[in-house]
Amino acid sequence: MKNKGQFLLLIVILLPLDFLASQSDDPGTIRARYGFPTPPDTETSLFYLQRSQNANTIQYDIKLQADGTINSHDPIDVYWLRYNGKGEKRSLKWAERNMAYGVRHKKLSKGVFEIEMIAYDDRPIMVYQKANGEIDAKMKINGKTVRFKSIFIDMVENGWFPTIKSIELFGQDMQTGEEVYERFNP
């Protein structure tokens, strides 16, 4: 998507639908500095997206075939973790998947994919499977190629259309293990 404003508009339009569905005022459930829970890290976890409105999280996982290789036709599973409810998993709705939180992929070689967020393709994510079967997601954060972990969108509620204050990207330096962070304003 060449227009960054379109990404922000889609996120802002779709957020109230989820926000109205379940909102939590419990300040004890906000991740990191906001205290929101961190989704479980499994062998298929790639990264996750959270927003300041509530603890509900969008999880991005790799899809593996029976032989343990990446499903090359449909490699990414994107879904909600409804932390404001009972932590249940829920599929994205059509508009969420096709206009905001979904991804598109391009196979570059065996076990290597370029992933782009539907609503914001300025930061491609490289997903690859190592010889030992482990999966990694890499992204450029703060000028470094790092293991990509999460996105956080900080918003201010002002009626039907929240204002996006900032977008934060979190990763891990693959040599040192140190956290790498970047914050930018849309």
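Quick note: the coordinates plus some simple rules give every number you see, no bench work behind them. Keep in mind that this is a model prediction, so the values were computed, not measured. Virtual Cβ from ideal backbone geometry, glycine too; neighbours counted across all protein chains shown.
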D41-K110 FRET efficiency (beta carbon distance; Förster radius 22 Å; 0.05 resolution): 0.30
Give the separation of the Cα centroids, the stretch 85-110 to the stretch 125-186, in Å. 16 Å
Give me the number: length gained by fully extending F161 to S91, i.e. 0.36 nm times residue separation minus the C-alpha to C-alpha distance, one decimal in nm. 22.9 nm
To make sure I understand, if each residue's beta carbon is the centre and we count other beta carbons within 10 Å, what order do V78, V112 fall in, fewest to most? V112, V78
Apply the Karplus parameterisation 6.51 cos²θ - 1.76 cosθ + 1.60, with θ equal to phi minus 60°, to every residue of the stretch 151-160 and state each ³J(HN,Hα) to the nearest whole Hz, in sequence, with x for glycine and proline. 10, 10, 10, 8, 10, 10, 6, 9, x, 6
